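Here's the structure we're looking at; comments come further down.
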Amino acid sequence: MVLAGTAACGTVENLSAGQKLDTAFEKLGEERSIAFELDLDTDAKSLMALDAEQSEPGEEMPAEIAELLSEGTISVSMHSKKPIKESEEKDFTAMAMKLSGPEGALLEYRMVGDWIYARVDAATLGGMSGSPLPPAAELPAEAGAFKTLLEGGWVKLSKKEMEETGKNMSGAEGLRAEEPSAEPSLDAKTQKKLTDALKKAVAENVDFTTSGGSDGTEHIKATAPFRTLVTELFGALKPLRNDLPIGEELPAAKDFADAPNTKVGADFTLKNGELTEVSVDLAELAESAKVKKFALVLRVIEGEKPEAPAGATELNIEELMTSMLSGAFGGAVADEEFGDVPLEEGDLAGDTQMW
């Protein structure tokens, strides 16, 4: 949104581009349902070549992970009682997220009303990670809904139960958890100062070009030298340092001295004035002759209200945790992991890392 608004501060072409982007984002914000897909426009070979330049011998990216990253897609959809631009967390009545790989869905999550739904391709994900889960057929009847989850079926959890379990865990003796502090927020005056500062920095460093066709499709491309842009952006924040909820010191210009100053671009695609795609070209930042195509792409798709899947098995969190701690999901795994040493009550009292 800052990028869209800043175009109006520059040249005549920037002004025209800014007005079109402003209008497109405004239309998107007026919707009550929104959906988009996110993926990488690259190939597995490029990803593995890029990773090999930065990894220690023996720690290179597996081919399966490179294939998932290059061909995988993250889909997100949400529905609100209000227009998206006016919505707060409490206004969203349904959300959904899906991670898809070359062979189909690997992980799905939905939040509809008072329930959270999930399903997972445990065999595929376990194989990719190198830590396969036990086959569902080997689990005892006590595994219940967890067995359904490993079989690829839908399970559901009560939002209220999850919240209560979280409170009980945070108050459990030995964890010594404190009540979370309220998230810092910006007042309207500071928000305006921040937006104005970022607009000025972007307007002075980003160039816009437009191109279009006869079918109503138009491309607006924003380009800027990477090191110069990030240096100016953080420089614009320095005068507001005391007004911003930032825990660490802001980086200075010297911190970006080794960053490439090649031009990077973001391509906005509009169809009849509506935003349909944003592609950010990152190939130049890779600084590798082996990486020819490397972009992050977000596609806006038709938004529909996520629905609850039929036939989901309820997963009781308390029963699940009790079964896991009692070894109901396979004593062989526990024996391999911990040997013959029995796990006594209180052994986990001070070990908060596992949570």
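The values are calculated or read from the model by the stated rules, or taken from the named source; none is laboratory data. Worth saying up front: this structure is predicted, and the values here are computed from it rather than measured. We place every Cβ from the backbone using ideal geometry, glycine too, and count neighbours over all the protein chains shown. Ligands, DNA and RNA are stripped out before the accessible areas are found, and what is left, the full protein with its side chains, is counted by its heavy atoms. Shrake-Rupley method; radii C 1.70, N 1.55, O 1.52, S 1.80 Å.
Listed by first and then second residue, the pairs with beta-carbon distance under 6 Å, at least 6 apart or on different chains, first residue in the range 264-277 and at positive phi, second open to solvent by less than 50 Å² (accessible area, probe 1.4 Å) and at pLDDT below 90, are Asn272/Gly216. For the range 184-226, give me each residue that is hydroxyl-bearing (Ser, Thr, Tyr) and open to solvent by less than 70 Å² (accessible area, probe 1.4 Å). Hits for the range 184-226 are Thr190, Thr195, Thr210, Ser211, Thr217, Thr223.
Could you check, for the range 85-94, whether at least one of its residues is under 18 Å from the mean Cα position of the chain (by Cα) and within 19 Å of Trp154 (Cβ to Cβ)? Yes, there is a match, as at least one residue in the range 85-94 is under 18 Å from the mean Cα position of the chain (by Cα) and within 19 Å of Trp154 (Cβ to Cβ). Note on the range 80-102: residues that are more than 20 Å from Asp41 (Cβ to Cβ) and either among the polar types (S, T, N, Q) or open to solvent by 40 Å² or more (accessible area, probe 1.4 Å) (or both) amount to 12. Screening the candidates Glu59, Glu64 for the property of being acidic (Asp, Glu), open to solvent by 50 Å² or more (accessible area, probe 1.4 Å) and not in a loop (DSSP other than H, G, I, E, B) yields one hit, Glu64.
Comparison of Met61, Met78 shows that the only residue that is in contact with a Phe, Trp or Tyr (Cβ under 8 Å, 6 or more places away or on another chain) and over 19 Å from Thr148 (Cα atoms) is Met78. Whenever a residue of the range 67-96 is assigned to a helix (DSSP H, G or I), its partners that are among the basic types (Lys, Arg), lying with C-beta atoms within less than 8 angstrom and at least six residues away or across chains, give the pairs Ile84/Arg32; Asp91/Lys81; Asp91/Lys82. Applying the criterion of at least 1 residues that are in contact with a Lys or Arg (Cβ under 7 Å, 6 or more places away or on another chain) and at pLDDT 90 or above to the strands (runs of 3 or more DSSP E) found wholly in the range 258-355 leaves 263-271, 274-281. Taking the criterion of being outside any strand (DSSP E or B) and β-branched (Val, Ile, Thr), the only residue of the range 204-219 that qualifies is Val206.
Residues that are in contact with a Ser or Thr (Cβ under 6 Å, 6 or more places away or on another chain) and closer than 16 Å to Gly311 by Cβ were ranked within the range 109-165; the one that is most open to solvent (accessible area, probe 1.4 Å) is Thr148.
Scanning the range 120-140 for residues that are outside any helix (DSSP H, G or I) and either without any contact (Cβ under 8 Å) to a residue 24 or more places away in the chain or more than 20 Å from Glu59 (Cβ to Cβ) (or both) returns Val120, Asp121, Ser131, Pro132, Leu133, Pro134, Pro135, Leu139, Pro140. Just checking, how many residues over the range 227-257 are part of a helix (DSSP H, G or I) and open to solvent by 60 Å² or more (accessible area, probe 1.4 Å)? The qualifying residues number 10.
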